[in-house]
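First up is the structure itself, then whatever we jot down about it.
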Amino acid sequence: MGEMEQLRKEAESLKDQITAARKAVQDTTLQEAAAGITVVGRVQLKTRKTLRGHLAKIYAMHWAVDANLCVSASQDGKLIVWDTITTNKVNAIPLKSSWVMTCAYAPSGNLVACGGLDNMCSIYNLKGKDGNVKVMRELAAHTGYLSCCRFLSDSEIITSSGDCTCVLWDIETGTQKTVFAGHQGDCMSLAVSPDFKFFISGACDFTAKLWDIREGVCRQTFGGHESDINAIGFFPNGNAVITGSDDATCKLYDLRADQELITYQDSSIMCGVTSLAPSLSGRLILAGYDDFNVNIWDSLKSERVGVLAGHDNRVSCIGVSADGMACCTGSWDSFLKIWN
Amino acid sequence: MPVINVDELTDKDKAVMELNQRKLEVKLERWLTSKCCEEMKDYIQERVEEDTLVKGISEEKNPFKEKGGCIIC
């Protein structure tokens with residue numbers, strides 16, 4: 001038997017052992033465990049604000065941790081920092097490359113980052129001395145597009161790329177600290193755990209991976225999706241992962257049981273999930289789809305309890321504010337909407 | 001932490017990496033799903049009352065309320 005054959009056979013055998021080990025701890029399903037809980041009442045959110053200003057498709061948005069600020073990125077070549085209460089543009093940052101696919105707000109509120117088909121992650125300082133927002137650092141090393149980025153602090157950021165890797169960067173020196181390799185398809189999305197010790201990535205190999213940031217290793221791999229995973233997020237307590245896929249479903253995986261607990265799907269939904277965000281308590285999962293809508297799921301009952309219909313094109317990004325008071329959607333129709 | 005250059009990995013390197021990854025994962029200690037579900041339900045129940053998107057919010061308390069007209073007293 002050739003070497004490759006031998007390796008594959010061994011890997012398959014271990015895969016079967018993992019499947020068996022997961023089954024061995026599956027003494028209940030979430031559906032069964034939540035059988036006694038009533039479905040949440042119909043959720044009817046209204047558009048409270050429309051953020052107008054981008055001139056092309058919006059690809060990403062991210063809430064700031066403090067205050068009601070958020071940043072959005074559009075292929076009109078701009079990053080805009082918005083005050084979502086007044087709808088004023090706090091900053092409108094012109095980008096070198098208009099092919100932006102992601103943006104992020106640092107927890108401190110001092111920095112924002114973005115990147116896309118330029119394969120780079122550009123860091124901007126919002127609090128520069130002369131008031132001008134300038135590029136602080138350009139993190140270049142990925143050999144594929146930048147699909148997502150998230151700050152750990154003002155000195156570290158994690159990126160995911162079409163080159164199938166994720167990277168932890170030292171912003172100060174502009175160098176790679178750790179390369180997280182293992183996915184066998186483009187990495188499309190990432191999310192950092194509430195305690196900043198782990199991050200999860202979703203990829204075009206249909207799997208989600210949990211990574212230990214300091215050890216630089218993959219701890220767990222979650223399969224089950226039948227197509228690319230486009231969106232990923234942590235359940236608010238950091239103990240579960242939610243994924244959204246081109247297979248038209250979202251899934252909830254528990255980290256301690258190392259397996260899927262439930263799938264959010266409906267036979268009437270046949271288009272891909274582009275984005276997702278849990279509500280503050282985790283009871284609701286808001287997911288954006290290719291059909292221009294956002295479906296709101298009761299996370300425990302796996303029932304659709306609401307729809308946000310208001311965009312005239314694909315909903316590309318969604319986020320719930322840190323205090324859970326509002327949800328923001330961004331669309332290819334060039335608008336952002338604030339709902340609650 | 002050594003920086004891997006993914007482009008330089010051969011098919012065999014990738015197969016070895018995948019095998020080693022599975023060797024790590026097979027050793028995981030897994031919780032019973034019943035315990036995980038209970039924890040999740042408890043977490044949600046403890047916080048759902050404060051979850052604006054679930055419970056709604058009154059106009060007066062809503063920081064995002066649309067600005068109304070002027071009231072002349």
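Observations on the structure shown:
- Under the simplified labelling scheme, the B:L9-A:V217 pair shows an inter-label distance of 1.6 nm, with each label point 7 Å from Cα along Cα→Cβ.
- Gaussian network model of chain A, Cα within-10 Å springs - most flexible of A:S97, A:S153, A:S281: A:S281
- Residue mean of other protein chain beta carbons inside 10 Å, A:284-296: 1
- Scaling against 2.2 N^0.38 Å puts the C-alpha radius of gyration of chain A at 0.98.
- Using R0 = 56 Å, the C-beta based FRET efficiency linking B:M17 and A:T50 works out to 0.75.
- With both labels modelled 7 Å from their Cα along Cα-to-Cβ, the A:S13 to A:D83 distance reads 6.6 nm.
- Contour minus Cα-Cα distance for B:L24 and B:K65 (0.36 nm per residue): 9.6 nm
- Above-threshold pairs, the threshold being 26 Å between Cα atoms, out of A:K23/A:K209; A:K23/B:K27; A:K23/B:K41; A:K209/B:K35; A:K57/A:K129: A:K57/A:K129
- Under 18 Å of direct C-alpha separation, and excluding same-chain neighbours fewer than eight residues apart, A:K127 reaches these aspartates and glutamates: A:D66, A:D83, A:E138, A:D154, A:E156, A:E172.
- Exposure proxy order (Cβ contacts within 10 Å, fewest to most) of A:D312, A:D291, A:D118: A:D312, A:D291, A:D118
- With neighbour counts taken as other beta-carbon atoms within 10 Å, the residues A:C271, B:C36 rank, fewest first, as A:C271, B:C36.
- Hull shadow area, averaged, region A:118-270 [alpha-carbon convex hull, nm²]: 10.0
- In region A:37-70, the trypsin sites (Lys or Arg not before Pro) that fall in loop regions by DSSP, at most 12 other Cβ within 10 Å: A:R42, A:R52
- For region A:73-107 versus region A:190-262, the inter-centroid distance based on Cα atoms is 27 Å.
Bear in mind these aren't lab numbers, they're just calculated from the coordinates by the rules spelled out. Not measured: the values here are computed from a predicted model. Glycine gets a Cβ as well: all are built from the backbone with ideal geometry, and neighbour counts include every protein chain shown.
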